[in-house]
Amino acid sequence: MTNRVSSKSPRKQRSFQRESPQHVHRRMLKCRLDDLLREEYGFRSLAVKKGDLVRIMRGQFRDTEGKVTGVDYRAVRVYVDAASTTKSDGKEARVPVSPSNLMLVKLELNDERKKYIERKLAKTAESE
């Protein structure tokens, strides 16, 4: 596998994110784990899924915890139930949050995710 050439230019970074295929967007949806989860599993980050409990670390809703209600793979954004605003007509609107501004506090563990975590742990143990 060859390494892709990366640029530090914000314009090219935005272009890469916008024009990349969906399987690459999946990797962009990773966010860091809480210290307790990091000790338990032994890795730093994991992809966000619907149902996870996250803490918002930056922005208007900083230091609030909420459940992930949706994940937008195309726009690489996460929707949290605690991050909503009121529109001028009185309706509630969800505010999209970048996964880089989130921290996973509690994981929604289903069979698929348990298998993924086991594979990832085996891979790190094999490399050591």
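The values are calculated or read from the model by the stated rules, or taken from the named source; none is laboratory data. Note that the coordinates shown come from a computational prediction; the quantities given were computed from them, not determined experimentally. FYI the Cβ positions are ideal-geometry reconstructions off the backbone, even for glycines, and counts take in every protein chain you see. Please note that ligands, DNA and RNA were not included when accessible areas were found on the heavy atoms of the full protein model with its side chains. Shrake-Rupley method; radii C 1.70, N 1.55, O 1.52, S 1.80 Å.
Structural remarks
- Filter result (in contact with a Lys or Arg (Cβ under 8 Å, 6 or more places away or on another chain) and open to solvent by 100 Å² or more (accessible area, probe 1.4 Å)) within the stretch 3-36: Q22, R32
- Search result, residues across the stretch 46-64 that are open to solvent by less than 90 Å² (accessible area, probe 1.4 Å) and of a type outside the set (G, A, S): L46, V48, K49, D52, L53, V54, R55, I56, M57, F61, T64
- In the stretch 71-89, the residues that are in contact (Cβ under 8 Å) with a residue 12 or more places away in the chain and basic (K, R): R74, R77
- Screening the stretch 46-82 for residues that are outside any strand (DSSP E or B) and of a type in the set (A, V, I, L, M) and picking the one that is nearest to D111 (Cα to Cα) gives V48.
- Odd one out for F43, checked against (1) within 16 Å of the chain's Cα centre (by Cα); (2) open to solvent by 40 Å² or more (accessible area, probe 1.4 Å); (3) at pLDDT below 90: (2)
- Among the residues listed as V78, V97, the single one being under 30 Å from S127 (Cβ atoms) and either open to solvent by less than 100 Å² (accessible area, probe 1.4 Å) or small (G, A, S) (or both): V78
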